[in-house]
Amino acid sequence: MNSSQLLGFATFAYLAASILYIGIFVFRAKKLGVAAALLLTLGFLFNTGGIILRWVESYQQGIGHAPMSNMYESLIFFAWCIAIFYLFLEFKFKNRLIGAFAVPFAFLSMALASLKDPDITPLVPALQSNWLIAHVVTCFVGYAAFAVAAGMGIMYLVRSASLEGGKEKNPAGLLATLPGLKMIDDITHKTIVFGFLWLSGGIITGAIWANSAWGTYWSWDPKETWSLITWFVYAGALHARFTKGWGGKRIAWLAIIGFVAVMFTYYGVNYLLSGLHSYGGG
Amino acid sequence: MQKNKNEVWAFFASVKLALFTFFILAAASVIGTVIPQGKEMQFYIEVFGPGTAKLFQLLNVPDMYNSWWFVSLLVLFSINLIVCTIDRFPNIWRLVTMDNLALDIGRILKMPRHQTFHSDLPAAEVALAVEGMSTAWKFDKADRDGAILLAAQKGPWTRLGVIAVHLSILVIFIGAIIGSLLGFKGSVMIREGGSAKQIYLYDAGNTPVPLDFEVRCDRFELQRYDTGTPKAYISDLVVIDGGQEILKKTITVNDPLKYKGLTFYQSSYQPLDDAYAIEIENQTTAASKKFYMGRGSAVEWKEEGLKFRITDRMGPYGMGVYRHKLLFNDNSQKPVEFWAEEGKMYIVERPEADYIFSLRPLFFTGLQVAKDPGVWWVYIGCGMMLLGLYVAFFLSHRKVWIYLAEEESGSRLHLSGTSNKNKIGFDNDFSALMELLERNDSLKLKRE
């Protein structure tokens, strides 16, 4: 058994869980709920095991380090964060219908990872720091929350479009099974709030790390700048809600736009722009 | 005139301006991530054409984050933050320090959560019993037109969280300004065995800045993994101040040297052209010595009566490693010649003693040097921001009141409460208090 196998199982478990969650949503098959949650939990356990085993394997190869040092490893950790964050939401809000809009993100992240080079590579000198774990964990907890918030935003738009279309007259209609708009709106907002705190933490840990490695806590490197742009998008969303009472579709759209900025910060910058985080590519 | 002033004030205090600044700052920041920063003018002319390059120069796009217009946006952002804080603070402070016992009874009874009870006891006795209860709520008491009002609250100070977040950004800016006014950034290359008494700023003229001490580099080492990728850049640095070796430190990329407010970071390296460090040890006596030499020049270790010289070079072999031909002689006057590969140890057997011999190329170590007295402000601001965000988002100001009015056979108890956020959390809190009151037999409460 090696980490790649475990992570392969995790990918399939997430795929199966995604299909079931979408099934629950499309066919209103609430009976699938337990199976979906179990598969997701199983995938999460494989994912956890895969990360731990990869960590151990790196030590066996004499280049021990936390598996958070390149795109492959970060995508796997991203999937892990989405899975645990979603499981927490499901537990807290006692609702499995939102899974269709959150769990597929975990699968997509794993699927994307499978296209990357899975070799364990030694850490370049710049990454040999205790700040590596703090920085990656804070960032990805935030990213995972934003992924789920975007899923909730999509769900909100789907739901409100169906309400406006007047299809809801039939109470047995497909979308009527979704939680109420108010609840989706509330989850979206709370998730953004949570993500914002962690994103701020991620930017701050990155700044402290940069200062200890290069003597500059902020150098307007593209990754830094894009994380700030993302921060502004969510700061704007929060201010609009707190002071202008924005909600509903506007916040749903902001959750989606914010996540696009997150994805560009995380993924796009590495491939489209150059900068200090270039080792994050490949 | 007064109205005008208010309008200007209201403009700078507005959330609209904040949203506008967020948007403009975010949009403007994109420019510098797409257009490469800090290149020569020639680069922009080649890539974007002379016309656009001229415009870039006019708007300082090659260094846009320091341009007048971008800094102006940050100033606007700061003014917005300051004015908004001053504008909102009195109101927030009033809510923090407000006397909950002085509130209008009508409003208290209509709070989002409320419940009425009847008690067989007179109001004064119920009030005493409530005050004697062990609960996280600490009640204050007041007489209101013959009735009794009890009030308690949790976390009034949490309302300051939002102010802390806003001020934290200003604290970070203060740190950045202190850093740019009183600090500097520069670099210096030091040859192994050499030392530096000045560093060079990252400005157009690479202005030298004299140090009031000296930094010596005893050794630079580039370690590689088996795959050839760099594993570590290591420099042994020594601080010499007033003729004394004050401080020795081996620095690596994430572990700089700090002395007198300056920090020396390992940032680069460069091989010297045809210069080598040779280490040699007498295996019998363990006496050893280190020499720095170039090709062709002869070196003598007088105590051991050794003379040696690099006469030739072959290579490079894998990873840029060379082999060097050495002419090695001692008092026996029977010189030997041998090829030594860089970084390898050789044992040279001589009649009088055996020597462990190694040779490696010499490097300059590249150090980034920074003085930033503002960095602690930045860190304090960061801490304040995280703490403030946590308080502002996850903690709430919760208030409860108990209004006790006399009735014919006992008294009427109105329990009411409100929270400025996290309504669900407060509901639980409120229900728990309600249950506590109901279960307390000495209160003799009946829900109405």
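The values are calculated or read from the model by the stated rules, or taken from the named source; none is laboratory data. Note that the structure is predicted; figures quoted are calculated from it, not measured. Using ideal geometry, Cβ is built from the backbone for each residue, glycine included, and neighbour counts are taken over all protein chains shown. For the accessible areas, the whole protein counts, side chains as well, though only heavy atoms, and no ligand, DNA or RNA atoms are used. Shrake-Rupley method; radii C 1.70, N 1.55, O 1.52, S 1.80 Å.
Summary table
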{"read-out": "Those strands (runs of 3 or more DSSP E) lying entirely in region B:335-419 with at least 2 residues outside the structural domain of B:Phe117 (by TED's automatic domain parsing), of a type in the set (Gly, Ala, Ser) and farther than 30 Å from B:Arg144 by Cα", "value": "B:354-371"}
{"read-out": "Qualifying position, being buried (at least 16 other Cβ atoms within 10 Å of the Cβ) and not polar (S, T, N, Q), among A:Leu115, A:Leu87", "value": "A:Leu87"}
{"read-out": "Odd one out for B:Ala53 among (1) of a type in the set (A, V, I, L, M); (2) more than 29 Å from A:Trp231 (Cα to Cα); (3) open to solvent by 70 Å² or more (accessible area, probe 1.4 Å)", "value": "(3)"}
{"read-out": "Meets criteria (more than 14 Å from chain A (Cβ to nearest Cβ) and under 40 Å from the mean Cα position of the chain (by Cα)) for B:Met319", "value": "yes"}
{"read-out": "Residue in region B:270-277 that is more than 48 Å from the chain's Cα centre (by Cα) and either exposed (fewer than 13 other Cβ atoms within 10 Å of the Cβ) or at negative phi (or both) present", "value": "no"}
{"read-out": "Candidate set: region B:126-139, residues that are in contact (Cβ under 8 Å) with a residue 24 or more places away in the chain and in contact with a strand residue (DSSP E or B) (Cβ under 8 Å, 6 or more places away or on another chain); chosen: the one nearest to B:Arg398 (Cα to Cα)", "value": "B:Trp137"}
{"read-out": "Cβ-Cβ under 8 Å pairs, at least 6 apart or on other chains, region A:90-105 side in contact (Cβ under 8 Å) with a residue 40 or more places away in the chain, far side in a loop (DSSP other than H, G, I, E, B)", "value": "A:Glu90/A:Arg96; A:Phe93/A:Pro179; A:Asn95/A:Pro179; A:Leu97/A:Leu178; A:Leu97/A:Pro179; A:Ile98/A:Pro179"}
{"read-out": "Sole residue being within 26 Å of B:Ser297 (Cβ to Cβ), assigned to a strand (DSSP E or B) and within 28 Å of the chain's Cα centre (by Cα), chosen from B:Val238, B:Val209", "value": "B:Val238"}
{"read-out": "Answer residue from region B:215-253, given it is within 17 Å of B:Gly366 (Cβ to Cβ) and of a type in the set (Phe, Trp, Tyr) and is nearest to the other protein chains (Cβ to nearest Cβ) among those", "value": "B:Tyr233"}
{"read-out": "Residue within region B:98-115 that is in contact with a Phe, Trp or Tyr (Cβ under 6 Å, 6 or more places away or on another chain), touching a residue at least 12 places away in the same chain (Cβ under 8 Å) and part of a helix (DSSP H, G or I) present", "value": "yes"}
{"read-out": "In region B:343-376, residue nearest to the other protein chains (Cβ to nearest Cβ) [restricted to those that are surrounded by fewer than 19 Cβ atoms within 10 Å (Cβ to Cβ) and among the acidic types (Asp, Glu)]", "value": "B:Asp354"}
{"read-out": "Unique match (being surrounded by fewer than 18 Cβ atoms within 10 Å (Cβ to Cβ), assigned by TED's automatic domain parsing to the domain that holds B:Phe291 and touching a Pro at 6+ places or on another chain (Cβ under 9 Å)) among B:Gln198, B:Gln266", "value": "B:Gln198"}
{"read-out": "Matching option when the condition is more than 19 Å from the chain's Cα centre (by Cα) and either open to solvent by 10 Å² or more (accessible area, probe 1.4 Å) or modelled with pLDDT under 95 (or both), among A:Leu228, A:Leu273", "value": "A:Leu273"}
{"read-out": "A:Gly206 more than 10 Å from chain B (Cβ to nearest Cβ), farther than 22 Å from A:Ala255 by Cβ and modelled with pLDDT of 95 or more", "value": "yes"}
{"read-out": "Flag for B:Gly315 being at pLDDT below 90 and either in contact with a helix residue (DSSP H, G or I) (Cβ under 9 Å, 6 or more places away or on another chain) or within 24 Å of B:Gly228 (Cα to Cα) (or both)", "value": "yes"}
{"read-out": "Matching residues, region B:129-166, being among the hydrophobic types (A, V, I, L, M, F, W, C) and part of a strand (DSSP E or B)", "value": "B:Ala142, B:Ala147, B:Ile148, B:Leu149, B:Leu150, B:Ala151, B:Ala152"}
{"read-out": "Among the residues listed as A:Val124, A:Val137, the single one being open to solvent by 20 Å² or more (accessible area, probe 1.4 Å) and modelled with pLDDT under 95", "value": "A:Val124"}
{"read-out": "Residues of region A:231-253 that turn out to be more than 7 Å from chain B (Cβ to nearest Cβ), without any contact (Cβ under 8 Å) to a residue 40 or more places away in the chain and crowded, with 21+ Cβ neighbours inside 10 Å, as a count", "value": "1"}
{"read-out": "Any hit, region B:271-291, residues being within 20 Å of A:Gly215 (Cβ to Cβ), in contact with a strand residue (DSSP E or B) (Cβ under 9 Å, 6 or more places away or on another chain) and free of Cβ contacts under 8 Å to residues at least 40 places away in the same chain", "value": "no"}
{"read-out": "The one condition in (1) open to solvent by 40 Å² or more (accessible area, probe 1.4 Å); (2) modelled with pLDDT under 85 that B:Lys260 fails to fulfil", "value": "(2)"}
{"read-out": "For B:Gln37: the one exception among (1) at the interface with chain A (Cβ under 10 Å from one of its Cβ atoms); (2) in a helix (DSSP H, G or I); (3) crowded, with 18+ Cβ neighbours inside 10 Å", "value": "(2)"}
